[in-house]
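Student: The following block contains the structure, expressed as C-alpha cells.
Derivation of every value follows stated rules applied to the coordinates shown; laboratory data play no part. Only a predicted model underlies this, so the values are computations on that prediction, with no experimental measurement involved. Positions of Cβ are generated from backbone atoms using ideal geometry, with glycine treated the same way; all protein chains shown enter the neighbour counts.
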Amino acid sequence: MATEKGKGHTMWGGRFATAPSDIMEAINASIDVDQRMAEQDVAGSRAHADMLAEMGIISEADNEAIQAGLDQVLAELRAGTFPFDRALEDIHMNIEARLKALIGEPAGRLHTARSRNDQVVTDFRLWTRGALNEAMDRLRELQRVLAVRAGDETETVMPGFTHLQTAQPVTLGHHLLAYVEMFQRDRARLFDCALRLNESPLGAAALAGTGFPIDREMTAEALGFDRPMANSLDAVSARDFALEALSALSIAATHLSRLAEEIVLWSSAQFSFATLSDAWSTGSSIMPQKRNPDAAELIRAKAALITGQFTSLQGAVKALPLAYAKDLQDDKVLTFAAFDTFDLCVRAMAGMMETISFNHEAMRAAAAKGFSTATDLADWLVRELGLPFREAHHVTGALVALAEAKNCDLSDLSLEEMQGEAAGITDGIYDVLTVEKSVASRTSYGGTAPVRVAEEVANWFERLGLDAQK
Ligand code: ARG
C-alpha cells in the first residue's frame, strides 16, 4: 500500500499538501530495523484493543474485527508475505495500514488513546525482555561447557600469571571456573535489568496520558509486565532499560574478550598450551602451516563494538529534553546490533571451548619454569623453621638468585647450597618444590588445590543442572 505522492502521508498527512522528499523518507524510515518488533507490536495492539473494548471505548464488534485482522497480519508476518512499505515509515504504521486494508474502518479505531510514542517503547521493552532472556540462556550454555571442561582438568597444572609473568602454579580447572564465575555475574546483571525493565509504558500516549478512561493495569498484565509505569513523561522518554541492557552486555562481552585473548595466547607456538579444533580454526592463504584463532580474535574486536553501541546510545540519550524525540528511533539499531553480536560471540566461544584441546605437558613444563614455587619455599621456611615471612622471602630471593646464576631450577639446588642461606633447611624442602605439591597445598577456600576445584566443579554442576560426573 504505497503512499500516493502529492497527497501527503496516509497516516499523518492531513495537514500536508505534498509527500516527503525521497531523502526525508530515507532518513526517517525505520521499517528495515523495527520490523523485528512486528510480533511485539501485534501483541501490544491486541492488548490495547481488548482493553478499549472492555472499557467501552470501542465496540465489541470493532474489537473482534481488529483481533481477527491482527490474526491475519500475524499469519502474513510469519509466512513472510506481509507487504512492508518504506513509505509507511515504521512497523507501527505498516501494521496499522495493513489492518486497514484487511478490515477497513475498525482499524482506524485501534489508535484511540494511544500514540506511537508509547507504542514503540512498549514493543521495544517486550523485545528487549525476550533478548535478555536469550542472552542469559546462551551464557548459561557457555558456563556449562566451561564447567564440564573444568571437571576434566581439576588436576592439570598450568602457570598462573600476574603481569603475564609466571607467578604460581594453578590448576586449569580453577582457571576455567574463574570465567564461570564472571559469566554468572553477567547473567545476574542481565536478570536485574529484565526485572527493572518490566513495567508497561502503554497508555502514556504521546507524553501526557489520555482523557479516555483506559485501564493501564489491564494492558500491563496482558503483556506480562509487573505494573504500568507511574509517569507518562518517563514512560515515553526513558531508555535506561536499553542502556542498562547494553552496559551489561558490554561487561559480559569484555569477559568473553579476555577469554578470547587467552585462547589467542594459548594457541600460539610460543605458549602451545592449547589447540583449537579444525572447526574453530582458519588457515592462511599463503602460509600453509598456519592455524589461526580467528573466532577468538573477532570476539575480541566485537566486544569493542558492543561497548561502542552502549556509548553511542548513551550519547544519543544524554542531551534529550523530555519527552520523546526522534533520536530515540535509533536506539533499536544499536540495541538489536549489540544483542546479535553478543549472541554470535557467546555461541562461538562455547563452540571453541567445547572442542579446544589442552596440551598438559606444555602447561606443566611452563608451570615449573620461572621459579614458580618460590612462594612455597618461603612458606616452608615460615612453617618449618619459624622464620618471619619477610625473612623467609629474603632467603628465598637469595636462593632464586643462586639458581638463576647456575641456570637451574630451585629443586636442582643441593641441600648444602640451600643451607648456605638458612642453616636449618632439611630434605623436606624438596617436597614443596614440585608444581603438583604447590597446587595441592593451596586448599584455602577459593584456592586452586584440586580438591577445592573438584568441589567447585560439583557446585557448578548442580547450579547449572548438569548431571554429576561419573
Ligand atoms: N518509529 C518511531 C521510533 O522508533 C516510532 C515513534 C514515532 N513517534 C513520533 N512522534 N514520530 O521511535
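Student: Within 10 Å, at most 15 other Cβ atoms, and a DSSP state outside H, G, I, E, B define an exposed site. Report the longest part of the chain free of exposed chymotrypsin sites (Phe, Trp or Tyr not before Pro).
Tutor: 85-444
Student: Spelling out what I want: for every residue of the range 191-198, take phi, set θ = phi - 60°, compute 6.51 cos²θ - 1.76 cosθ + 1.60 (Karplus), and round to whole Hz; glycine and proline get x.
Tutor: Each residue of the range 191-198 in turn: 5, 4, 4, 5, 5, 5, 5, 7 Hz.
Student: Let me ask something else about it. Is it possible to state the helix-based mean residue ellipticity at 222 nm for the chain, with each DSSP H run of 4+ residues giving -39500 (n - 2.57), the sum divided by total residues, to the nearest 500 deg cm²/dmol? What is it?
Tutor: Value at 222 nm, helices only: -19500 deg cm²/dmol.
Student: In the neighborhood of Met218, defined by Cβ-to-Cβ distances under 10 Å, what is the net charge if each Lys or Arg adds +1 and each Asp or Glu adds -1?
Tutor: -4
Student: Another one. Taking K and R as +1 and D and E as -1, what net charge do the other residues with C-beta under 11 Å from the C-beta of Thr282 add up to?
Tutor: -1
Student: Same structure, new question: Along the charge dipole of the chain, Cβ charges K/R +1 and D/E -1, which of Ser372, Gly351, Asn292 sits furthest on the positive end?
Tutor: Asn292
Student: Step through the residues of the range 102-115 one at a time and calculate ³J(HN,Hα) from phi using the Karplus curve (6.51 cos²θ - 1.76 cosθ + 1.60, θ = phi - 60°), rounding each to whole Hz and writing x for Gly and Pro.
Tutor: For the range 102-115, the Karplus-derived couplings read 7, 10, x, 3, x, 4, x, 8, 5, 7, 5, 6, 9, 9 Hz, x marking Gly and Pro.
Student: Taking R0 as 45 Å, what FRET efficiency do you get between Gln270 and Gln314 from their Cβ-Cβ distance, rounded to the nearest 0.05?
Tutor: Calculated transfer efficiency: 0.70.
Student: Another one. Please name which of Gly151, Trp280, Thr426 has its Cα lying farthest along the dipole of the chain towards the positive end, using unit charges on Cβ (Lys, Arg +1; Asp, Glu -1) and the Cα centre as origin.
Tutor: My answer, from the dipole projection, is Trp280.
Student: What whole number of Å gives the distance from the Cα centroid of the range 313-356 to the Cα centroid of the range 401-419?
Tutor: Spelled out, the Cα-based centre of one part sits 56 Å from the other.
Student: For the pair Ala17 and Ala188, what calculated FRET efficiency results from E = 1/(1 + (r/R0)^6), where r is the Cβ-Cβ distance and R0 = 51 Å, to the nearest 0.05?
Tutor: According to the calculation, E is roughly 0.40.
Student: Considering just Cα atoms, how many Å³ per residue does the convex hull of the chain enclose?
Tutor: Dividing the Cα hull volume of the chain by its residues yields 210 Å³.
Student: Continuing with this model, one more query. So how much slack lies between Glu134 and Gln165, counting 0.36 nm per residue of separation and subtracting their Cα-Cα distance, in nm?
Tutor: Between Glu134 and Gln165, full extension yields 7.4 nm more.
Student: Under the rule of at least 5 residues apart or a separate chain, name every residue whose amide H is placed under 5 Å from the amide H of Asn292.
Tutor: Thr282, Gly283
Student: Still on this structure, please answer the following. Using amide H atoms built 1.01 Å from N in the peptide plane, name the residues 5+ places from Gly160, or on other chains, whose amide H lies under 5 Å from its own.
Tutor: Ala167, Gln168, Val170
Student: Ok, one more. May I ask for the Kirkwood hydrodynamic radius of the range 175-240, worked out over all distinct Cα pairs and given in angstroms to one decimal?
Tutor: One over the average 1/r among Cα pairs gives 13.8 Å for the range 175-240.
Student: For labels at Asp294 and Thr443 in the simple 7 Å Cα→Cβ model, what's the distance in nm?
Tutor: 4.9 nm
Student: Give, rounded to the nearest 20 debye, the magnitude of the charge dipole that the range 319-453 has about its Cα centre when Lys and Arg contribute +1 at Cβ and Asp and Glu contribute -1 at Cβ.
Tutor: Here the range 319-453 has a charge dipole of around 400 debye.
Student: Taking 51 Å as R0, compute the FRET efficiency from the Cβ-Cβ separation of Val382 and Glu141 and round it to 0.05.
Tutor: Efficiency, rounded to the nearest 0.05: 0.70.
Student: Also: Treat each spin label as a single point 7 Å out from the Cα along the C-beta direction, and report the Gln35 to Phe389 distance in nm.
Tutor: The modelled label-to-label distance comes out at 6.4 nm.
Student: Let me ask something else about it. Using θ = phi - 60° and the Karplus form 6.51 cos²θ - 1.76 cosθ + 1.60, what ³J(HN,Hα) does each residue of the range 340-355 get, whole Hz, x for Gly and Pro?
Tutor: Ordered by residue, 3J(HN,Hα) equals 4, 5, 4, 4, 4, 5, 5, 5, 5, 5, 4, x, 5, 6, 5, 10 Hz.
Student: Next question. What's the angle, to the nearest 10 degrees (0 to 90), between helix 116-152's Cα axis and the longest principal axis of the chain?
Tutor: 20 degrees
Student: By how many nm would the segment from Arg86 to Ala405 lengthen if fully extended, with 0.36 nm per residue of separation less the alpha-carbon distance?
Tutor: 107.3 nm
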